[in-house]
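Computed from the coordinates by the stated procedures, all read-outs in this text should not be read as laboratory data. Quick caveat: nothing in here was measured; it's all calculated off a predicted structure. Backbone-built Cβ (ideal geometry, glycine too); neighbour counts: all protein chains shown.
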Amino acid sequence: MKTFTPRQLRCGAIGFAGIVLVIALAACNSDADGATPSATPDPSGTPGDASPSPSATPDDSAGDVLTGVFRFGFEESGFFPDAICPGDGPVYWVTWDAFDLGAALETATGVAPFSGGMITTYRASLESGLSDLGSYGHLGAYERELTVTGLVSAELASDCDDIGGGPVGPVDAGAVAAYEAARARWERNGLTSYEFTLQRNCFCLPEFRGPFAITVVDGEVSEALYEGGPAEDGTALTVAQVFDEIQQALNRGVLTELSYNAVDGHPETVRLDLSAIAADGGLSLDLLDLMAIN
């Protein structure tokens, strides 16, 4: 199964953050034998990320096995060393190239990164090389870069709050009550096979935003289309998974607007303020034209 890499989840431009990416191209001459000197790879990686410090070469930790929590999702690819759940402490930007970490995690746990929800969290032991201190990853927010070369072990960290950390805003008791009533109404309705359109609005790539034409059969996504072709893995959600995202956002106090269908209770509009989590703003979900299918 195809999974997102950290490169696919980064923004196409960082204009809102006022970051200017300057690419310096240096020409070098061939030697007398016509051989071209090899270039040292630049770990700064991909447009849209702040550049690391000039001394961003692997340190003595290169090739070690590191154990901790790996959390992957929208604009996030973070490893929390020696942690049980994401929280305070150092966090490293995780990347991979020749080794397919996404496929390895799916084989080990049955769940691919970024599938079935906004964020997927694992406890994992990773064979990897660790960079020197610098600024890496999305908006340069990570102090080191972890380049994964192998997976020793992994399990889902399903007991961790997938958004991570504690509340960043007040928990709205009225919104919690409305959520519980709507979810109960949806579950009483018993609808497990349906189709609808999912639209995201965010500062992210078009293939992440949609719209997606989603078909759910017996509670599982059976088809997800984007612009007439298959959508990227992990972009489609069921109604139950949207409810799960709402619950996590309620726990963090980052919801700004919610609306539910008056008949069956499914969410119709979800607005989140992620400014305390992601530096470039909010996220919204719209569920449109939901219809039961036989």
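Using θ = phi - 60° in the Karplus curve 6.51 cos²θ - 1.76 cosθ + 1.60, the 3J(HN,Hα) couplings for the range 193-204 round to 10, 6, 9, 6, 10, 10, 10, 9, 10, 6, 8, 8 Hz; x is entered for Gly and Pro. In terms of the mean number of neighbouring beta-carbon atoms within 10 Å, the peptides 143-150, 186-193 order highest first as 143-150, 186-193. As an equivalent ellipsoid, the range 213-260 spans semi-axes of 25, 12, 9 angstrom, where each value is the square root of five times an eigenvalue of the C-alpha gyration tensor, largest first.
All C-alpha pair distances within the range 189-276, sorted into 5 Å bins from zero, spread as 3, 13, 22, 25, 20, 13, 4, 0 percent across the bins.
Rounded to the nearest whole Hz, the Karplus-based 3J(HN,Hα) values (6.51 cos²θ - 1.76 cosθ + 1.60, θ = phi - 60°) of the range 181-186 follow the sequence 5, 5, 5, 4, 5, 4, with x at glycine and proline.
Let me know the Kirkwood hydrodynamic radius for the range 122-258, please, with Cα pairs as the basis and the value in Å to one decimal.
It is 18.2 Å.
Amide H to amide H distances under 5 Å link residue 261 with 266, 268, where only residues 5 or more positions off or on other chains count and H is placed in the peptide plane.
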